[in-house]
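Working notes, beginning with the structure itself.
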Amino acid sequence: MKIAVAKETRDGETRVAMVPELVDKLTGLGYDVAVEPGAGAGALHADEEYAAAGATVEPDALATADVVVSVQPLPVESVRRLRQGAATVSFLPGAQAGEVVTNLRDCGITSYSMELVPRISRAQSMDALSSQALVAGYRSAIVAAGLLRRFFPLNMTAAGTVQPAEVVVLGAGVAGLQAIATAKRLGAVVRAYDVRAAAAEEIRSMGAKSIDLDLETLEGAGGYAREMTEDRAARQRELLTPYIAAADALITTAAVPGRQAPMLVTAAMVEQMKPGSVVVDLAAESGGNVEGSVAGEVVRIGHAQVWGGSNVPSQMPGPASRLYAQNVVNLVTLMTATGDGTGPGTFAPDPEDEIVASSCVTRDGAIVHEPTRTALE
Ligand code: NAD
């Protein structure tokens, strides 16, 4: 059976779903691996590297594949070129990718969404949301350090002592904790806040100070945050204002599944920050945690430079692709039947398996992910 690696087409997407280093994991399962020409170029992997790793480079790889792996959902034109009964594995944000999903349905494609892989222990190695959030979180701290025209660490020198930068991180999930860890490694003094009760201990375990606002915590289903009421949001903003005013750099990473990112910081709060201060809003693309941030741009609000994240993992395409490709290999391995182990494996996902069932969006000409089906049909 053939697995094809798609060349990404979305503007700004530099990642690739399979890296040469991991091709042998797929060939080892018994698959032929075909790569669209230039698929790895954005992540600095030449076609020759894939060929040397045992893949073929084929302009028409998608049309003859049993499984197509990509980072972004395939564009509609590509979906229409797939063989009926083929499968796709990619990020596929349900109803938000409406036209792609209905085409996958109508073309008889079985599609699996990396966003829908359940966050259970057994699926941790397939969790691409976490692997990409890790990259984005690291990058957010590096961007803040790069934009800030001062040291992150304390410097005690013969010419005097330079105080460390004060960094505030809002949202301490996967990305936020990585931002905290990175800012700490660079020597900043870090304070962080998250609405989930469990986050305070995680913040402290990274060596940062947990900001206690004395507000009710907001745990939702599956260990995620719940949406705030407007009253609580206003109170949270009021209580966070002095911390933000005192910060040299503010990094925001807050998200609530299935909703717009919560607006945590008003422009008026940013205007209280010091000259030279920096704001990095990782949530800029999904509505923004900071009022006035613009995805993919640096804007000035008051004295602060406000950097809005736009497909941030694509800014580190090598490691982001490596991690994503490992997530894909692990998911494909789960979906491969090896029989008695003597012959090549076949792509045969067990629909009863929780990971397979949860991540499947379309199958047999139907949308099987209930929230997506309800939204689109
Ligand atoms: P996410 O991207 O949905 O949200 C990022 C963070 O924003 C979360 O920590 C959330 O609590 C926080 N947040 C939401 N509203 C906020 C507000 N108003 N103010 C401040 N912070 C706010 O979440 P994520 O990073 O993908 O994951 C969150 C948690 O899920 C993790 O910390 C972990 O506990 C759990 N998780 C479990 C697994 C697993 O078991 N396999 C994997 C990944 C994450």
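Take every Cα-Cα pair in region 143-217 and report what % of them are more than 14 Å apart. That fraction is 59 percent. Based on DSSP H segments of at least four residues, each scored -39500 (n - 2.57), the chain has a per-residue ellipticity at 222 nm of -10000 deg cm²/dmol. Computed from backbone phi with θ = phi - 60° and the Karplus coefficients 6.51, -1.76 and 1.60, the 3J(HN,Hα) list for region 31-42 is 8, 8, 10, 10, 10, 5, x, x, 4, x, 4, x Hz; x is used for glycine and proline.
Expressed as an acute angle from 0 to 90° and rounded to the nearest 10, what is the orientation of the C-alpha long axis of helix 230-246 relative to the principal long axis of the chain? Around 60 degrees separate the two axes. Taking amide H positions as modeled 1.01 Å from N, with prolines and chain starts lacking one, the residues under 5 Å from residue 368 and 5 or more places away or on another chain are 362, 363. In a simple Cβ point-charge model (Lys, Arg +1; Asp, Glu -1; nothing else charged), region 145-283 has a dipole of about 500 debye relative to its Cα centre. Kirkwood hydrodynamic radius computed over region 296-350 comes to 14.8 Å, based on all pairs of distinct alpha carbons. Scanning residues 5 or more positions from residue 191 or on other chains, those with amide H under 5 Å from its amide H are 167, 168, 169, 209, with H placed 1.01 Å from N in the peptide plane. When only alpha carbons are used to place a centre, region 8-28 and region 278-339 end up 17 Å from one another. State whether region 32-130 is rounded, prolate or oblate according to the following rule on the C-alpha gyration tensor (a ≥ b ≥ c being the square roots of its eigenvalues): a/c under 1.5 gives rounded; otherwise a/b larger than b/c gives prolate, and the remaining case gives oblate. In terms of gyration-tensor shape, oblate. Built from the Cα atoms of the chain, the convex hull projects on average onto 20.6 nm², one quarter of its surface area. Mind telling me which of 276, 309, 222 comes out most flexible in a GNM of the chain, alpha-carbon contacts under 10 Å? Among 276, 309, 222, the largest GNM mean-square fluctuation belongs to 222.
Straight-line reach only, C-alpha to C-alpha below 16 angstrom: list the aspartates and glutamates that residue 209 could link to, leaving out same-chain residues fewer than 8 apart. Of all the aspartates and glutamates, those that pass the test against residue 209 - Cα under 16 Å, at least 8 places apart if same chain - are 166, 194, 201, 248.
Indicate, rounded to the nearest 5 percent, the antiparallel portion of the DSSP beta bridges found entirely in region 222-377. Of those bridges, close to 45 percent are antiparallel.
Each semi-axis of the equivalent ellipsoid for region 162-278 is √(5λ) with λ an eigenvalue of the Cα gyration tensor; in descending order they amount to 22, 18, 12 Å.
Each residue of region 196-208 is assigned a 3J(HN,Hα), and the resulting list reads 7, 4, 5, 5, 4, 5, 5, 4, 5, 5, 8, x, 9 Hz, derived from the Karplus form 6.51 cos²θ - 1.76 cosθ + 1.60 (θ = phi - 60°), x at Gly and Pro.
Among 70, 125, 131, 205, the order by Cβ neighbours within 10 angstrom, fewest to most, reads 205, 125, 131, 70.
Could you work out the relative contact order of the chain? I mean the mean sequence separation of Cα pairs under 8 Å and 6+ apart, divided by the number of residues, in percent. This gives 19 percent for the chain. Shown in residue order for region 67-75 are the 3J(HN,Hα) couplings computed by the Karplus curve 6.51 cos²θ - 1.76 cosθ + 1.60 at θ = phi - 60°: 9, 10, 10, 8, 8, 7, x, 5, x Hz (x for Gly and Pro).
Candidates 218, 233, 250 compared by Cα position along the dipole of region 212-254: farthest toward the positive end lies 250, with charges placed on Cβ.
According to the square roots a ≥ b ≥ c of the eigenvalues of the Cα gyration tensor, what is the shape class of region 119-168, taking rounded for a/c under 1.5, prolate for a/b larger than b/c otherwise, and oblate for the remainder? The shape class here is prolate. Compute the acute angle (0 to 90°) between the alpha-carbon long axis of helix 174-185 and the principal axis of greatest extent of the alpha-carbon atoms of the chain; round to the nearest 10°. Result, in degrees: 50. The shape of region 101-147 comes out oblate: with a ≥ b ≥ c from the C-alpha gyration tensor, a/c is at least 1.5 while a/b does not beat b/c. Secondary structure note: in the chain, about 25% of the DSSP beta bridges are antiparallel. Taking amide hydrogens as placed 1.01 Å from N in the peptide plane, the amide H of residue 34 sits under 5 Å from those of 3, 4, 5, 56, each at least 5 positions away in sequence or on another chain.
Remark: 82, 170 ranked as 82, 170, counting other beta-carbon atoms within 10 Å and listing the fewest first.
Any read-out appearing in this document is the output of simple, stated calculations on the displayed coordinates, not a laboratory observation. Here the structure is a predicted model, which is why all the values come from computation and not from measurement. So basically every Cβ, Gly included, is an ideal-geometry build from the backbone, and we count neighbours across all protein chains shown.
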